[in-house]
Amino acid sequence: MGKAIGSERLGDLYKPGGKTRKRREWRGVQDTFYDYTRWLGIMKMLATYLVRPHFLKGFLRYRWMLNYIAVPHMIDKHTAGLRGNHLKIAHEEYDLVAEDVAKLLNTAFKADKYCGNDQELSKRIVVLDENEMFTIMCGFRNLKAISWETAAVYVSVLLQGDGVTHYLDVIQEMGMPGDVCPMPAAEAGVVVDDDIPIFGACAVQCNTTCDGSLMGNGIMARRYEEEGIPTFQIAAPLRHTEDGVQEYAAQEIRNAIKFIEDNTGEKWDWDFYFENIKRFNEENRLRYSWMEMSKTDTPQVIGANLALYAETTYMAIAGRIQDFLDADRRITKYAQESFARKEMLVPEYRHRAIIWGVQSQYYTDFLPWLQNCWGILPLVDMLSLVYFDEVSEDDPEQAIYDIAKLYQEMIMRNRTHGGYEVLLDDLWRFCDYYNADMVILWEHISCKALDGMHGLFEQRARDNGIKLVWVNHDLMDPRVVPRQSIRDDVNRYMRAVLQEEPLDPSLEVLDDENMW
């Protein structure tokens, strides 16, 4: 073990049958010290919020808050094997996201009628979906946008793989079929289990990706209205690639803005909107530059360290917070330095992969595992390939159409709607663009749209000479497909089909069933 990448068998750090690893990874004096100080910073940040009375009350009231004990470990999993600038990039991303979620929880618990019950604050909050662009809030200077679903469901599963299985059981006991996508099912389970914070002047939902999401929205809207929180549902067009739907899409945005104005008393502020959207545009340009590096032999910002951070900055932040733009600039500086030195993330690069489909939420560190175990570079994922066109920074009329386009083509929705071309045809174009020889194709067993195209993907992979690896999962329920089963899908392919040996054999089979 030492400073050099690949100098330590990462699988040996796991503690069989335990919740944590045996010890922290040794990365040489400088990197270990840096990593440890960042770990201490996370612990200090969490303690700072936990001592606040309303935050502590929320921690004790809501079952899903127990998952937040695993925040430091979650960050450790996603920095595995990293050194130098790559370690700094990961901490810039995850530490800032952790702090932002802590601020979200602090505001939510302060406004929540069960905890802080700050009614004046509650009147300035608009509740948004987890899978929704927050761009519509960029024009409201005095309002806050919060998604309790992000904290209760999405982040909970990232922190602890089985973080929402209780809620899946609750909603299935109420009669919901077990093959519904676990994300909306878990959100509905939180509502039915009365584990939802109550706050907000109004709520705005969106017809995001599937019928399951629409079902979950209906359950939540009913609960909101029981508490006197009116709900507006944006019906973004499904055929988002066609010009004929854009006028209707823009009108939906106008209607949503008016709904927020009517229920909060606030008026849309174009100066504030353009101030935020300039940051949004720059963030997109910087992220695009990271992805352009991935076309070369020495990519720098890839895998989960791109995917999870991109989901946060693109959808939930949307230019509204300067700290994220500052972090993006630092990440770009580190990436450019490492790119100039041709620095690598693992000792050997064997395959260049595009990650396609709906990724497992209970095993997001699968992507670092790919590169550390087999030398497979997860260059870019489907969810990061979003709408990169510049949006207007000075034209109010065009801006409405821009927001509408962002809602139509937000993360995941831009591939699950719009025809088979955006899901099937575009994949091979990206393989060519990134010079990828492999596709890791997530097969989410509760997502019927992708499953129905199984044979088409295999045929196209053969036609294009691309190695296609199917990886099964059930999004938020690790009881259906455990993490080792996910790894075994790759292990079998690499050994049986490609006749290759792992880069780090200690990672091939891990006893991590009880890990956070």
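Things worth noting here:
- Condition met for T37 (in contact with a helix residue (DSSP H, G or I) (Cβ under 9 Å, 6 or more places away or on another chain) and in a helix (DSSP H, G or I)): no
- Total residues in the stretch 418-444, condition assigned to a helix (DSSP H, G or I) and small (G, A, S): 0
- K113 open to solvent by 40 Å² or more (accessible area, probe 1.4 Å), basic (K, R), at pLDDT 95 or above and not in a helix (DSSP H, G or I): yes
- Residue within the stretch 446-457 that is open to solvent by less than 30 Å² (accessible area, probe 1.4 Å) and at pLDDT 95 or above present: no
- Test: residue in the stretch 183-205 that is touching a residue at least 40 places away in the same chain (Cβ under 8 Å) and on the phi > 0 side of the Ramachandran plot: yes
- Residue count for the stretch 232-263, restricted to those that are outside any helix (DSSP H, G or I), in contact with a strand residue (DSSP E or B) (Cβ under 7 Å, 6 or more places away or on another chain) and crowded, with 20+ Cβ neighbours inside 10 Å: 3.
- Count - residues of the stretch 268-280 that are loosely packed, with under 15 Cβ neighbours inside 10 Å and under 15 Å from M315 (Cα atoms): 0
Quick grid of which residues meet (1) among the aliphatic types (A, V, I, L, M); (2) more than 21 Å from N414 (Cβ to Cβ); (3) in contact with a helix residue (DSSP H, G or I) (Cβ under 7 Å, 6 or more places away or on another chain):
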site: Q233; (1), (2), (3): no, no, yes
site: V245; (1), (2), (3): yes, no, no
site: R254; (1), (2), (3): no, yes, yes
site: I260; (1), (2), (3): yes, yes, no
site: G265; (1), (2), (3): no, yes, no
site: F274; (1), (2), (3): no, yes, no
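- Listed by first and then second residue, the pairs linking a residue in the stretch 111-125 that is touching a residue at least 24 places away in the same chain (Cβ under 8 Å) and of a type in the set (F, W, Y) to a residue that is open to solvent by less than 100 Å² (accessible area, probe 1.4 Å) and in a loop (DSSP other than H, G, I, E, B), with Cβ atoms under 9 Å apart and 6 or more places separating them unless they lie on different chains, are Y114/Y62; Y114/P197; Y114/I198.
- Among residues of the stretch 146-182, those that are touching a Lys or Arg at 6+ places or on another chain (Cβ under 8 Å) and either of a type in the set (G, A, S) or at positive phi (or both), counted: 1
- All told, D12 falls short of being surrounded by 15 or more Cβ atoms within 10 Å (Cβ to Cβ) and either part of a helix (DSSP H, G or I) or among the charged types (D, E, K, R) (or both).
- Selection status of M438, open to solvent by less than 10 Å² (accessible area, probe 1.4 Å) and touching a helix residue (DSSP H, G or I) at 6+ places or on another chain (Cβ under 6 Å): no
- Selection status of Y167, open to solvent by less than 10 Å² (accessible area, probe 1.4 Å), within 23 Å of P482 (Cβ to Cβ) and in contact with an Asp or Glu (Cβ under 7 Å, 6 or more places away or on another chain): yes
- Residues in the stretch 147-186 that are under 24 Å from I75 (Cα atoms), among the charged types (D, E, K, R) and in a helix (DSSP H, G or I): E149 alone.
- In the condition set (1) modelled with pLDDT of 95 or more; (2) small (G, A, S); (3) surrounded by fewer than 20 Cβ atoms within 10 Å (Cβ to Cβ), S294 is compliant with all but (3).
- Verdict on E283 being at pLDDT 95 or above, buried (at least 20 other Cβ atoms within 10 Å of the Cβ) and among the acidic types (D, E): yes
- Of all residues in the stretch 199-225 being open to solvent by 10 Å² or more (accessible area, probe 1.4 Å) and among the β-branched types (V, I, T), the one that is farthest from M65 (Cα to Cα): T209
- Of L104, L143, all but one fail to be touching a Lys or Arg at 6+ places or on another chain (Cβ under 7 Å), of a type in the set (A, V, I, L, M, F, W, C) and surrounded by fewer than 23 Cβ atoms within 10 Å (Cβ to Cβ); the exception is L143.
- Just one of (1) closer than 22 Å to V157 by Cα; (2) open to solvent by 40 Å² or more (accessible area, probe 1.4 Å); (3) touching a residue at least 24 places away in the same chain (Cβ under 8 Å); (4) out of contact with any strand residue (DSSP E or B) (no Cβ under 7 Å at 6 or more places or on another chain) fails for Q484. It is (2).
- Applying the condition of being at pLDDT 95 or above and within 25 Å of the chain's Cα centre (by Cα) to the stretch 225-242 and asking which residue is farthest from Q172 (Cα to Cα) yields F232.
- Matching residues, the stretch 291-333, being outside any helix (DSSP H, G or I), within 21 Å of Y387 (Cβ to Cβ) and polar (S, T, N, Q): S294
- Checklist (1) open to solvent by 20 Å² or more (accessible area, probe 1.4 Å); (2) in contact with a Pro (Cβ under 8 Å, 6 or more places away or on another chain); (3) of a type in the set (A, V, I, L, M, F, W, C) applied to M412, failing item: (2)
The values are calculated or read from the model by the stated rules, or taken from the named source; none is laboratory data. Predicted model, so just to flag it, every value in this text is computed and none were measured. Note: ideal-geometry Cβ built from the backbone for every residue, glycine included; neighbour counts use all protein chains shown. The area values use the complete protein model at the heavy-atom level, side chains included, leaving out ligands, DNA and RNA. Shrake-Rupley method; radii C 1.70, N 1.55, O 1.52, S 1.80 Å.
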